[in-house]
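Have a look at the structure below before the remarks.
Only the coordinates and a few stated rules stand behind these numbers; no lab work does. Fair warning: this is a prediction, and the values are worked out from it, not measured in the lab. Neighbour counts are summed over all protein chains in view; Cβ atoms, including those assigned to glycine, are modelled from backbone coordinates with ideal geometry.
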Amino acid sequence: MDSDKVRVVVVGGGTAGWMAAAALARLLPGQCQVHLIESEAIGVVGVGEATLPHIRAFNERLGISEKDFMARTRATFKLGIEFRDWGRIGDSYIHPFGTFGRGGGAIDFHHYWSRLKNEGAELPPLDDLSYACALAREGRFDHPGRDREQLSSTFGYAYQFDALLFAPYLRSLAEEMGALRTEGIVVDVERDVESGLIRAVTLEDGQRIAGDLFIDCSGFRSLLLGQTLGEPFEDWSKWLPTDRAVAMPCRTRTAVTPYTSAIAMRAGWRWRIPLQHRTGNGYVYASGFVSDDDARRALEEAVEGEPIAEPRLLRFKAGRRRRSWVGNCVAIGLASGFLEPLESTSIYLVQQAITALIELFPERDASDADRDEFNRIIDLEYDRIRDFLILHYHATTRDDSPFWNYVRTMPIPDSLAEKLALWRRRARVVKYREGVFLDASWIAVYLGQGIVPEGWDPRADMAGSAELAEAVAALRGDIARDVGTRPDHRAFLERYCPM
Ligand code: FAD
């Protein structure tokens, strides 16, 4: 081994471990030597099937071809998430990966929409005024247009894929790029007596693997950061009370939708994620409000196709370790924290942590400044996602079960209360300049779940009402016409990455 390189030991070979190993091996080949330890006997969570558009940048940086990746992970395209029965039973809206309206104006489209709505105008559903939503509702897909003038440039997309196939795919890339892999169970962690830094891990068979930097990707166990270093866990379950899921894939009987569905249930919600070869299903629920048996039965009754595996129970708790980087240990993935899968954010968080680590990659000894900056970035990501998730539960009028009564009336974090006040007054959203859940995401959930603002940006008053209504009708027509020329999602997949 090259003695100048930082020896990076990754503990865990789930999605997080192999994403980290592949990215470090590919992007910092001169700076580090990666050694990953995983245990087939322990296994992986392996249910992360839906992603956010950011994953495309990750794949591109690693030189992964979209066609190859999609064929190998049996992926489909994802234009957003459909929420059914959230604001009220019978409601449905899509949180799209794209804007509402044509984009690029001085003020966001929803200000005009809010004004017209307030004037009592007959308006089309908001979903018809977003290219991504219309494409999704029609079950079509095409790559976004490159010309900013085109309506088809106003959306992005992500993937729905078989998580159990993603890690092995990344493993082959990481190993090609020189990453080492050892199969075995870590049973002991050796620390420096004075500094407390981790020096090595020992496997069940006695092998000792030493390193300079340890990446804890051991999943919910949080073997290094949680168990060994004792970093406290911040429990957010008072705001996000779901703590279990029962997952059960089935044969695809209905359409391969280019979107994920999140359908509210009596004590949580269920996902429906169509892949090329099957449909993933799961009921995410709060065990304080429904028993495991009842949750399993409710899922079995709801799924649309023939099950192809026994129901599998998963347990979790919403929250995260107070810091993700402590000493020479960086936790990534479930070892760092978990926010329930409603908005498919876990793999995104893994990716953000890897990106931050690469940017702040230490010499042999990390500085406090690097660690603090990394932890600040991760804090911001978690806090934003937490508030966004809580909004889905809090913004409901449902009172048909104790679960919905609890989440509707629970106290919410001040940071979310401030966002809601901003929205209610003049339809304003917190301006995040980058990262996850920018304006359109918040707007989709606010309006989709019936939080109608009292006002709007005064600049929306400058146009006449009739003129505005005409522009909205024209927009709807333009979107519908353009979307109508795009291929059916399944047909697109069969041509693009034949099975
Ligand atoms: P794991 O998959 O648990 O991997 C842990 C690894 O550590 C394994 O290789 C294991 O063998 C190893 N290990 C543990 N202990 C030891 C030891 N002592 N010695 C050696 N090796 C060890 N994410 C999304 O982005 N989208 C989704 O739609 C989504 N849906 C989800 C649904 C549910 C119900 C749950 C629970 C999670 C979901 N996730 C989703 C999250 C996603 O599954 C995980 O974030 C992702 O798989 C990363 O997991 P991980 O690699 O951190 O942990």
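Apply 1/(1 + (r/R0)^6) to the Cβ-Cβ distance of residue 205 and residue 42, taking R0 = 25 Å, and write down the FRET efficiency to the nearest 0.05.
Values: r = 15 Å, r/R0 = 0.59.
Working from the Cβ atoms, E equals 0.95.
Starting from the 7 Å offset along Cα-to-Cβ, what nm value, one decimal, do you get for the label separation of residue 253 and residue 495?
Here the answer is 3.1 nm between the modelled labels.
Quote to one decimal, in nm, the extra length available between residue 194 and residue 365 on full extension: 0.36 nm per residue of separation minus the C-alpha distance between them.
Working: separation 171, 0.36 × 171 = 61.56 nm, distance 1.46 nm.
In short, 60.1 nm is gained.
Of the GluC sites (Glu not before Pro) in region 1-96, which ones lie in a loop per DSSP and count no more than 12 other C-beta atoms within 10 Å? Please report the intermediate quantities before stating the final value.
Numbers: sites: 38, 40, 49, 60, 66, 82; in loops: 40, 49.
Of the GluC sites (Glu not before Pro), the ones in loops of region 1-96 whose Cβ has at most 12 other Cβ atoms within 10 Å are 40.
Explain nothing, just the number: relative contact order of region 1-79, from Cα pairs under 8 Å at least 6 residues apart, as a whole percent. Intermediate results must be reported in sequence, preceding the final value.
Details: 66 pairs, mean separation 23.0, N = 79.
It rounds to 29 percent for region 1-79.
So what is the 222 nm mean residue ellipticity for the chain from helices alone, if each DSSP H run of at least 4 adds -39500 (n - 2.57) and you divide by all residues, rounding to the nearest 500 deg cm²/dmol? If you can, show how the numbers build up before the last one.
Details: 14 runs with 171 residues, N = 499.
Value at 222 nm, helices only: -10500 deg cm²/dmol.
Given the chain, report the % of alpha carbon pairs whose separation exceeds 37 Å. The partial results should precede the final answer.
On the way: 37467 of 124251 pairs.
Within the chain, distances greater than 37 Å cover 30 percent of Cα pairs.
With axes computed from alpha carbons, what is the tilt in degrees of helix 163-176 against the longest principal axis of the chain, rounded to the nearest 10 within 0 to 90?
50
With a cut-off of at most 15 other beta carbons within 10 Å, and DSSP calling the residue loop, which chymotrypsin sites (Phe, Trp or Tyr not before Pro) in region 383-487 qualify? Please list them.
Numbers: sites: 388, 393, 403, 404, 406, 423, 432, 437, 442, 446, 456; in loops: 432, 437, 456.
Hits after loop and neighbour filter: 432.
Wrap a convex hull around the Cα atoms of region 93-227, take a quarter of its surface area, and give that in square nanometres. Spell out each step's value before the answer.
Details: hull surface 61.1 nm².
Dividing the Cα hull surface by four gives the mean projection, 15.3 nm².
Given R₀ = 56 Å, FRET efficiency for residue 474-residue 306 by Cβ-Cβ distance, to 0.05? Provide the component values of the computation, followed by the final result.
Values: r = 45 Å, r/R0 = 0.81.
That gives a FRET efficiency of 0.80.
With a/c under 1.5 counting as rounded, go ahead and sort region 366-405 into rounded, prolate or oblate using the C-alpha gyration tensor (a ≥ b ≥ c being the square roots of the eigenvalues; past the cut-off, prolate if a/b is larger than b/c, else oblate).
Details: a/c = 9.28, a/b = 4.68, b/c = 1.98.
Verdict is prolate for region 366-405.
Note the angle between two axes, namely the Cα long axis of helix 414-426 and the longest principal axis of the Cα atoms of the chain, as a number of degrees from 0 to 90, rounded to the nearest 10.
20
What do you get for the angle between helix 109-118 and the principal long axis of the chain? Use alpha-carbon atoms, 0 to 90 degrees, nearest ten.
With both axes taken from Cα atoms, the answer is about 40 degrees.
Using 0.36 nm per residue, how much length does the chain from residue 291 to residue 409 gain when fully extended, once their Cα-Cα distance is taken away? Before the final figure, lay out the partial values.
Values: separation 118, 0.36 × 118 = 42.48 nm, distance 2.23 nm.
Extra length from residue 291 to residue 409 when fully extended: 40.2 nm.
Considering Cα pairs under 8 angstrom that are at least six residues apart, work out the relative contact order of region 139-248 and quote it in whole percent.
Numbers: 71 pairs, mean separation 11.4, N = 110.
Relative CO of region 139-248 lands at 10 percent.
Straight-line reach only, C-alpha to C-alpha below 18 angstrom: list the lysines that residue 317 could link to, leaving out same-chain residues fewer than 8 apart.
List returned: 238.
Restricting to the chain, compute how many DSSP beta bridges are antiparallel as a %, nearest 5.
Numbers: 48 of 69 bridges.
Percentage antiparallel, nearest 5: 70.
How far is the Cα center of region 34-105 from the Cα center of region 184-233, in Å?
Taking the Cα centre of region 184-233 as reference, the centre of region 34-105 is 31 Å away.
Taking just the alpha carbons, could you work out the radius of gyration and Dmax for region 359-484, both in angstroms?
Every Cα atom of region 359-484 included, Rg and Dmax give 20.2, 66 Å.
Would you please give the residues with an amide H less than 5 Å from that of residue 6, counting only those at least 5 places away or on a separate chain, with H modeled from the backbone geometry?
Sorted by chain and number, the residues that satisfy this are 32, 33.
Determine the gain in length on full extension of the stretch residue 119-residue 61; use 0.36 nm per residue of separation and subtract their C-alpha separation, reporting nm with one decimal.
On the way: separation 58, 0.36 × 58 = 20.88 nm, distance 4.81 nm.
Result: 16.1 nm gained on full extension.
Can you give the relative contact order of the chain as a percent, counting alpha carbon pairs under 8 Å and 6+ residues apart?
Working: 973 pairs, mean separation 110.1, N = 499.
The value is 22 percent.
So which GluC sites (Glu not before Pro) in region 167-226 are both in a DSSP loop and have at most 10 other Cβ atoms within 10 Å of their Cβ?
Values: sites: 175, 176, 183, 190, 194, 204; in loops: 194, 204.
Counting only loop positions with at most 10 other Cβ atoms within 10 Å, the GluC sites (Glu not before Pro) in region 167-226 are 194.
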